[in-house]
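First comes the structure, then the notes that go with it.
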């Protein structure tokens, strides 16, 4: 099933805990803040539920999906891998969910090595893929019951758990209807419920809100945050929505071309960027000249031009914007629109990669 595939639970105790120190790699490179081999004890005595060390993955024709990423996720944390299409986010999650193997590096989930203890990892995780995995000819409740049977859960517990998730994820009015009539947001909530039937310690969400309208996206995250508060669930999500990572995640790792270029809380990441961003929409033919003029003005830094959009940073955007427009006007250069913004994750991405964040469609993954 696409949303929560059948992973037969391994025998033996679930949730075996292994105490170990977190492995983090933090080294400045020409592309920014990257994770690389340095040992730190960032979480003190708490065990990382997800621990990734130098994962590498190359697909056919030399496509590098992962280029040595490292990160750790604390119990109960919502951790986001944020990046545009093709950044490597989905590949990382597929490795952690034991759906593909890394070429190099190590990863542990819930204390188990994803390569050597795949069965135990599968028993400890829920996985919601980009594509829905529901049976459209079954009701929502029937989908949940089937998922529980695949995990060999006792019948009474399956029915109890299905009713519990239907209530928690606000599916009560539709639980006994065929899912082919579900809205996109309702179907996505059912996908999440299917990933949670067997009470996993970690939930992997791969682009969970792609294709949803803003209202459905907000409703899904409201349900997830409520569920997380009830259960202490650990969530690792991939997303190409900047605002989703900013609002929903406790910590964010920004991924670009298979590397982590920045990592921290949204507030920490935005605090790295000083001043305000000024965004100018220009006449295309005049854009190169405008870039050169703006770059030469005192107090202006980090000038970039992509197409007709010029971005720069200044200490006080409200004070500098009229001066920028006046200077361009005197040079015979037109400004079609202008905006001043406080630092955002888009600015963090631009700062570390040298190019603007283009969300695009969810990334394709290899076999």
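The values are calculated or read from the model by the stated rules, or taken from the named source; none is laboratory data. Keep in mind that this is a model prediction, so the values were computed, not measured. Using ideal geometry, Cβ is built from the backbone for each residue, glycine included, and neighbour counts are taken over all protein chains shown.
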May I ask you to list the residues in segment 93-120 that are touching a strand residue (DSSP E or B) at 6+ places or on another chain (Cβ under 6 Å) and more than 24 Å from residue 255 (Cα to Cα)?
-> 120
Taking strands (runs of 3 or more DSSP E) that fall entirely within segment 1-112, which contain at least 2 residues that are modelled with pLDDT of 95 or more, farther than 22 Å from residue 197 by Cβ and under 18 Å from the mean Cα position of the chain (by Cα)?
-> 50-59, 63-73, 78-82
When you scan segment 183-197, how many residues do you find that are modelled with pLDDT under 95 and assigned to a loop (DSSP other than H, G, I, E, B)?
-> 1
Could you list, in sequence order, the residues of segment 336-345 that are over 18 Å from residue 287 (Cβ atoms) and surrounded by fewer than 18 Cβ atoms within 10 Å (Cβ to Cβ)?
-> 340, 341, 342
Among 305, 333, 293, 282, the single one that is buried (at least 16 other Cβ atoms within 10 Å of the Cβ), under 24 Å from residue 240 (Cβ atoms) and either in the same structural domain as residue 243 (by TED's automatic domain parsing) or at pLDDT 90 or above (or both) is 305
Residues in segment 143-196 that are surrounded by 14 or more Cβ atoms within 10 Å (Cβ to Cβ), in contact with a strand residue (DSSP E or B) (Cβ under 9 Å, 6 or more places away or on another chain) and more than 18 Å from residue 127 (Cα to Cα) total 5
Which listed residue is surrounded by fewer than 24 Cβ atoms within 10 Å (Cβ to Cβ) and under 26 Å from the mean Cα position of the chain (by Cα), from 129, 138, 118 = 118
Residues in segment 128-165 that are assigned to a loop (DSSP other than H, G, I, E, B) and closer than 18 Å to residue 220 by Cα total 6
